[in-house]
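Notes follow the structure.
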């Protein structure tokens, strides 16, 4: 039985569909990456899985932990699952820690939310956890307030809180996005090590293909609340079938510096992610896709294309397809196209 | 100018040595507050006045120049003298002693009404903010109804029904100000509840009540302290007004409002009899207002430069 099994998860905001029919399974130790731009529904998916959606958002479908459906649980039962079975690491380490609480005490809080132990025991365990997330002087640093720590240190505190009660699943929502580039790799390595040690399943949410490709064996690409492509990470990246994935891949190519040029050029996917509720009917990407035809007015089902799954009426044939929409452009054009 | 609505921005803006190598964190925080306090005249003046009042009230239990209740008809309505610095009243009681003893009633009145308003208003505001929806509406509209009823009239009615006593009057005033606390609490709690660290606390499995107590309350404590000190001055005014009307503290207990009330009849003989308690009331209200403003300057992140 899977550790976590998400079945046809759909989140609605009034009449607007924010996340549409997301399904995935996770076994212990598996790592799944969710990729997409801001507004593609990644974070909402994670919050829905945790049962932490704002009251205005409604989730339907199933989030199965073992054989229990989180969406059918009472709030009290969910509190047992959160932290105990599933833990979450947030994007912004600057605001995700209580500014009035010393970090050691905050970690102890996470422990005491699930385990019966004395204050002293919890404090002792908090110090051990700080050592596990590579704090050099955990006993003393446990007494710091969040504002006295750097972004990387705070994110490691978040990680310590996440693993405090040995969860089976850890959801990390853009855990390195707010960090300095120099700290990102270190953070990812630490996270990979801890997840392995705990034999926990990991859901890593990122907009950065490089992060996901280094961490996760499986990847799911989201756009407009739909899973548009999913499969083995290496296979998806080697031969993206959905034009959106191909576009994402082309944009992340800009990370490497082109030494022949005098100016760094930034490729991009034309257009912007529409606001929630204003995606076109049918395939959400069709307003930005140069392969779109009348057929795309109907949402394509996600089905096997080559060696993995994609939801596209006109999937790309291979890795070197000339149809990749994101040709390199200079930033000035980017600014202009943003105005329309 | 940086307007940091959230406490994090304010904490980051505070000039504290970076990294965990600095002084113990609690000391750093306090020292920042203390540095601000020294530059806030209202806090210094208000704090001093309030401190003197509290000391006077405590002192009165063990020592006053004369017995504040001791009647001496032979020296009634004597003006200020070296023996009686502020003179004597119509029964020959020492005015200075009665002023010092009256501070007790004033402090007591403030404490009772602020406690009642806070102990009910703060939880009500917290739950309204967290639950939202119908419960929120129900709590806040009930508060509006209570707030719409004149506080003094309620206190007068209660006193008339249950007999004049400081406690009864102050319970009425306290109830009348429950909605004030509830509103302030709800407003600031809503801001904290939408913050990332509350979401994070929920994500590691904290129950709603624990989230309120351990995460929301500490982050809005400063605002509530300010509110409490401002409400203290309102309560003092209400109490003296009731005593003046004879509906609060019954005689012979010394209270400032009652002293002004009885002094009315002897204005021709010694007008200063009404002036002394008047000055005391004025200073007490000024003191708590300045303290409130000063605390706000020091504690409220939104007013920090």
- Sequence-separation-based contact order of the range A:75-169, relative, with Cα cut under 8 Å and 6+ spacing, percent: 46
- Among the DSSP beta bridges whose two residues both lie in the protein assembly as shown, what percent are antiparallel, rounded to the nearest 5? 60
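Peptide A:99-107: average number of partner chain Cβ atoms within 10 Å per residue?
Details: counts 13, 13, 6, 3, 2, 0, 1, 6, 1.
Counting Cβ atoms of other protein chains within 10 Å of each residue's Cβ and averaging gives 5.
Give the relative contact order (percent, whole number) for chain A; include only Cα pairs under 8 Å separated by 6+ residues. Working shown, then result.
Details: 649 pairs, mean separation 66.5, N = 340.
Computed over chain A, the figure is 20 percent.
Defining a contact as two alpha carbons under 8 Å apart and six or more residues distant in sequence, what relative contact order in percent does chain B show?
Details: 466 pairs, mean separation 79.6, N = 305.
Worked out over chain B, it gives 26 percent.
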- Message: With just the Cα atoms defining each centre, how far is the range A:1-35 from the range B:66-101? Give it in Å.
- Response: 82
- With springs only between Cα atoms under 10 Å, which of A:104, A:39, A:282 fluctuates most in a Gaussian network model of chain A? A:282
- Message: Quick check: from the Cα gyration tensor, does the protein assembly as shown come out rounded (a/c under 1.5), prolate or oblate?
- Response: prolate
- Note on the structure: Ranked output for segments B:69-79, A:185-195, B:104-114, A:27-37 by mean other Cβ atoms within 10 Å, highest leading, reads B:104-114, A:27-37, A:185-195, B:69-79
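Could you work out [θ]222 nm for chain A from helices alone, using -39500 (n - 2.57) per DSSP H run of at least four and dividing by all its residues? Round to the nearest 500 deg cm²/dmol.
Working: 11 runs with 107 residues, N = 340.
Result for chain A: -9000 deg cm²/dmol, rounded to the nearest 500.
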- Message: Going by average Cβ density within 10 Å per residue, which order do the peptides A:204-210, A:244-250 take, highest to lowest?
- Response: A:244-250, A:204-210
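Count, for each residue of B:210-223, the Cβ atoms from other chains sitting within 10 Å of its Cβ, then give me the mean as a whole number.
Numbers: counts 4, 1, 0, 0, 6, 5, 1, 1, 4, 4, 1, 1, 1, 0.
Across B:210-223, the average partner-chain Cβ count within 10 Å equals 2.
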- If each Cα of the range A:4-216 is one equal point scatterer, what is log10 of I(q)/I(0) from the Debye formula at q = 0.09, 0.15 Å⁻¹? -0.34, -0.96
- Task: Report, in whole Å, the centroid distance computed from the Cα atoms of the range B:106-162 and the range A:150-202.
- Result: 46
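Determine the shielding of peptide B:191-201 by partner chains: average, over its residues, the number of Cβ atoms on other chains within 10 angstrom of each Cβ.
Values: counts 0, 1, 0, 1, 4, 9, 12, 2, 8, 16, 11.
The per-residue average across the peptide is 6.
A short reminder: the numbers here are calculations on the coordinates, not readings from a lab. Computed from a predicted structure; not experimentally measured. Every residue, glycine among them, receives a Cβ derived from its backbone with ideal geometry; neighbour counts consider all protein chains shown.
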